[in-house]
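Worksheet: the structure to be examined is printed underneath.
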Amino acid sequence: MNTRHFSQLPKPYLAYPKVIQGLIFKKPKGEKVLPQVEYVVDSFKIDPDHLKAYNEVCGFKNNGYIPAIYLAVLSQSLQMHMMSAEAFPFAVLGLVHIRNQVKQNRKTGVNEQLTLSCKFGDLQPHDKGVQFDFITTAKVGDEVVMEGVTTYLARQKTDGQAAAKAKEDKTPAYTLKAQWTVAENIGRRYAKTSGDFNLIHIHAVTAKAFGFKQAIAHGMWSKARALASLNLPDAYEADVHFKLPMFLPGVVDFMVAEQAKDTEFLIRNSKNQKPHVAGSVKAL
């Protein structure tokens with residue numbers, strides 16, 4: 001495992017030229033192998049103005065603490081550079097974000113000094129191709145305060161041998177907690193804070209170039225919006241699966257089912273009730 005150290009978070013947009021090159025120069029065929037590398041930002045503090053802007057677009061309170069999912073968003077900068085600077089075997093713009101998990105071991109103050117690291121997990125079969133993880137860790141000193149797993153799908157032909165899917169339990173007894181009107185510009189607003197300027201999120205015109213009838217909301221915005229609407233414990237795990245695209249603008253239902261210390265939630269289309277995001281929060 002090679003480790004590359006950074007004195008500050010690299011800017012996501014610096015990786016874009018190489019990402020665009022991936023549309024022109026095809027990846028070589030053959031066995032797909034992920035780079036054995038870890039990127040580490042050795043010491044940094046959160047920019048409070050940037051965090052405030054993120055909180056406002058996602059619905060979090062500015063209470064002096066860092067949402068765990070915000071640290072996961074910051075790690076996406078490392079992920080972009082890991083996919084563009086290393087011998088990454090897939091086209092970045094063809095990837096589909098299918099799952100995201102964050103674990104907050106304790107509240108983290110805005111003024112705490114952090115170390116952020118990210119590495120690849122293993123390739124796993126998927127019925128539509130192969131999937132892989134980015135594994136993120138945030139520390140204060142030697143203490144792990146946040147852990148995250150981001151799962152992507154790389155679509156490709158398969159031999160039909162996919163990983164066994166877990167049996168789904170019966171549908172939770174959801175109740176309607178809120179109905180959100182999601183603005184057409186939420187993709188552009190979120191992109192300014194997250195650094196994720198994927199064209200499918202920015203405008204209907206650019207989204208159509210990639211086969212979408214309208215722009216679609218960022219999955220990580222949807223998850224953040226849901227978490228910001230819940231009473232989160234000091235320590236928890238939040239796991240979401242991204243289902244169908246949320247077209248912009250749109251109206252969605254935020255559904256919640258609570259049992260003991262666990263909460264299941266669902267974001268669905270208000271008109272046809274098709275799911276956009278399904279997730280859970282478990283207190284630790």
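Just to be sure I understand the model, the point goes 7 Å from the Cα along the line to the Cβ. What's the resulting Leu176 to Thr158 distance in nm?
Going from the Leu176 label point to the Thr158 one covers 3.6 nm.
Using the per-residue mean of other Cβ atoms lying within 10 Å as a proxy for protection, in what order, highest first, do the peptides 147-154, 232-239 fall? Spell out each step's value before the answer.
On the way: 147-154: 20.5, 232-239: 17.2.
Answer by packing, highest mean first, reads 147-154, 232-239.
Given labels modelled 7 Å from the Cα in the Cβ direction, how far is it in nm from Asn231 to Lys45?
Modelled inter-label distance: 3.3 nm.
Below 18 Å, Cα to Cα, which lysines can Lys52 reach? Residues fewer than 8 away in the same chain don't count.
Answer for Lys52, where 18 Å is the Cα cut-off: Lys61, Lys107, Lys192, Lys223, listed by chain and number.
Say the dipole of region 2-155 comes from +1 at the beta carbon of Lys and Arg and -1 at that of Asp and Glu; which of Thr137, Gly64, Pro12 then lies farthest toward its positive end?
Pro12
Treating region 2-155 as a set of equal point scatterers at the Cα positions, no solvent, please give the Debye-formula log₁₀ I(q)/I(0) at q = 0.16, 0.21 Å⁻¹.
Each listed q maps to, in turn, -0.92, -1.40.
Place a +1 charge on the Cβ of each Lys and Arg in region 87-241 and a -1 charge on the Cβ of each Asp and Glu, then give the dipole magnitude about the Cα centre in debye, rounded to the nearest 20. Walk me through the numbers before you get to the answer.
Values: 20 positive and 15 negative charges, 128 e Å.
For region 87-241, the charge dipole is close to 620 debye.
Tell me, what is the percent relative contact order of the chain, built from C-alpha pairs under 8 Å that lie six or more residues apart?
Values: 588 pairs, mean separation 49.9, N = 284.
18 percent.
With only Lys, Arg, Asp and Glu charged, each at its Cβ (+1 for the first two, -1 for the last two), find how big the charge dipole of the chain is about the Cα centre; round to the nearest 20 debye.
Details: 36 positive and 26 negative charges, 204 e Å.
Dipole magnitude for the chain comes out near 980 debye.
Using θ = phi - 60° and the Karplus curve 6.51 cos²θ - 1.76 cosθ + 1.60, what whole-Hz ³J(HN,Hα) does each residue of region 253-260 get, with Gly and Pro shown as x?
Whole-Hz 3J(HN,Hα) from phi for region 253-260: 9, 9, 9, 9, 10, 10, 8, 6.
Full-extension gain between Glu112 and Ala53, please, as 0.36 nm times their residue separation minus the C-alpha to C-alpha distance. Please list the in-between numbers first.
On the way: separation 59, 0.36 × 59 = 21.24 nm, distance 1.88 nm.
Difference between extended and current length: 19.4 nm.
Take the Cα pairs of the chain, get the Kirkwood Rh, then feed it into Stokes-Einstein at 20 °C and 1.002 mPa s and tell me D in µm²/s. The partial results should precede the final answer.
Values: Rh = 19.7 Å.
Reported coefficient: 109 µm²/s.
Net charge within 10 Å of Ile267 by Cβ-Cβ distance, Lys/Arg positive one each and Asp/Glu negative one each, not counting Ile267 itself? Could the numbers behind the result be given before it?
Working: positive: Lys223, Arg225, Lys243, Arg268; negative: Asp253.
Counting the neighbours of Ile267, the net charge comes to +3.
Find the accessible area per residue for the chain; the probe is 1.4 Å, ligands and nucleic acids are left out, and the unit is Å². Could the numbers behind the result be given before it?
Working: 15240 Å² over 284 residues.
Ligands and nucleic acids excluded, the result is 54 Å² per residue.
Give me the Kirkwood hydrodynamic radius of region 175-283, using the inverse of the mean 1/r over all pairs of distinct Cα atoms, in Å to one decimal. Please report the intermediate quantities before stating the final value.
Details: mean 1/r = 0.0697 Å⁻¹.
Across region 175-283, the inverse of the average 1/r is 14.4 Å.
With runs of 4+ DSSP H residues as the only contributors, calculate the mean residue ellipticity of the chain at 222 nm using -39,500 (n - 2.57) per run, divided by the residue total and rounded to the nearest 500. Could the numbers behind the result be given before it?
On the way: 7 runs with 66 residues, N = 284.
Mean residue ellipticity at 222 nm (helix-derived): -6500 deg cm²/dmol.
For region 228-233, what does the Karplus curve 6.51 cos²θ - 1.76 cosθ + 1.60, with θ = phi - 60°, yield as ³J(HN,Hα) per residue in whole Hz, taken in order and with x for Gly and Pro?
5, 8, 10, 8, 7, x
Convert each backbone phi in region 66-80 into a coupling constant with the Karplus relation 6.51 cos²θ - 1.76 cosθ + 1.60 (shift: θ = phi - 60°), then list the ³J(HN,Hα) values in order as whole Hz, x for Gly and Pro.
9, x, 4, 5, 5, 5, 5, 5, 4, 5, 5, 5, 5, 4, 4
The values are calculated or read from the model by the stated rules, or taken from the named source; none is laboratory data. Values in this document were obtained by computation on a predicted structure and should not be read as measured data. Don't worry about glycine lacking a Cβ; one is built from the backbone with ideal geometry, like all the others, and counts go over all protein chains shown. Please note that ligands, DNA and RNA were not included when accessible areas were found on the heavy atoms of the full protein model with its side chains. Shrake-Rupley method; radii C 1.70, N 1.55, O 1.52, S 1.80 Å.
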